Amino acid sequence: MSIWTDASDAIDATFVDEELLNYTGAGLAGVDVPAIRIDENAPDFTGAGNTLSRVVYEIAASLFPQDPEANVDGFTHRGRQWRVIDAKRIDQIAKWQLTAVDEGPMP
């Protein structure tokens, strides 16, 4: 193992959400996967609503048989339904960063 792999494993162990998310898409059908949830401010813009935030989920690329797709993939997490609206692969850390929008409570 390299220092980068060790660091990545330590970050995952520290920050991965205690509740797995249940993912459908990217070759998965209702599979529980671990993820790091990141709540951050949305990009700056001028005007009403400029205090928006966004939710990003960071998931190991090795867990997906296919590439995640925006506006196709979705998952449930913390009692809510989520739709992926942006999918960005970060090769340096072998993860996908998926920006998601809350679609409401689970049925």
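Overview of results
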{"read-out": "Residue that is farthest from Leu63 (Cα to Cα) [pool: residues in region 1-41 that are modelled with pLDDT under 90 and surrounded by 13 or more Cβ atoms within 10 Å (Cβ to Cβ)]", "value": "Ile11"}
{"read-out": "Filter result (closer than 14 Å to Ala26 by Cβ and free of Cβ contacts under 8 Å to residues at least 12 places away in the same chain) within region 73-107", "value": "Lys88"}
{"read-out": "Leading residue by the ranking (modelled with the highest pLDDT) among those in region 86-107 that are within 16 Å of Arg54 (Cα to Cα) and surrounded by fewer than 14 Cβ atoms within 10 Å (Cβ to Cβ)", "value": "Lys88"}
{"read-out": "Residue in region 54-68 that is touching a residue at least 12 places away in the same chain (Cβ under 8 Å), exposed (fewer than 13 other Cβ atoms within 10 Å of the Cβ), part of a loop (DSSP other than H, G, I, E, B) and touching a strand residue (DSSP E or B) at 6+ places or on another chain (Cβ under 9 Å) present", "value": "yes"}
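The values are calculated or read from the model by the stated rules, or taken from the named source; none is laboratory data. Bear in mind the structure is a predicted one, so any value in this text is a computation, not a measurement. No Cβ is skipped: glycine too gets one built from the backbone with ideal geometry, and neighbour counts run over all protein chains shown.
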